[in-house]
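Scroll down for the structure; my scribbles are underneath it.
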Amino acid sequence: GGGGGGGGGAGEPYLDRVVLHDGECAMLAELFPELKPRYDALPLNVMRADICRVLAVYFFGGLYKDMDVAWVRPLREWFDFTDRVVYGWEDEEHVCQWFFAARP
């Protein structure tokens, strides 16, 4: 599996961080045969990373947050761990990509 290590940062010591590498992301994309050619054709690595993080949370569960997102309050104070999917809206048209979560 991917890298990993340490806690989830200040205020969230019980979280583990997992880093997926390009090959692992490609393997996740292969699980959707109709997605893989489109994934491979994306012109920028950052675009493949966007897809990879959604696939990883979809298949394995957990949460994703950008590294520059700071915990203002402990997660356990505002996050409902029983929810099947958690995401937010950037605006009326765009789903937030800097924090989301799902159960496996």
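The values are calculated or read from the model by the stated rules, or taken from the named source; none is laboratory data. Quantities reported herein were computed from a predicted structural model and do not represent experimental measurements. Note: ideal-geometry Cβ built from the backbone for every residue, glycine included; neighbour counts use all protein chains shown. Keep in mind that these areas ignore ligands, DNA and RNA; they rest on the heavy atoms of the full protein, side chains included. Shrake-Rupley method; radii C 1.70, N 1.55, O 1.52, S 1.80 Å.
Observations on the structure shown:
- For the listed peptides 25-34, 83-92, a ranking on the average number of other beta carbons within 10 Å per residue, highest first, reads 25-34, 83-92.
- No Cys partner within the rule (Cβ under 4.7 Å), the chain: C96
- Of (1) 57, 36, 21; (2) 73, 35, 32; (3) 41, 36, 25, the label for Cα extents along the principal axes in Å derived from the coordinates: (3)
- The apolar share of the surface of the stretch 22-102, taken as the fraction of accessible area on carbon and sulfur atoms (1.4 Å probe, ligands and nucleic acids excluded), comes to 59 percent.
- Length added when fully stretched, L31-R76, from 0.36 nm per residue minus Cα-Cα: 13.0 nm
- The string of couplings for the stretch 77-84 from the Karplus curve (6.51, -1.76, 1.60, θ = phi - 60°) is 7, 9, 9, 8, 5, 8, 5, 6 Hz, one whole number per residue in order, with x for Gly and Pro.
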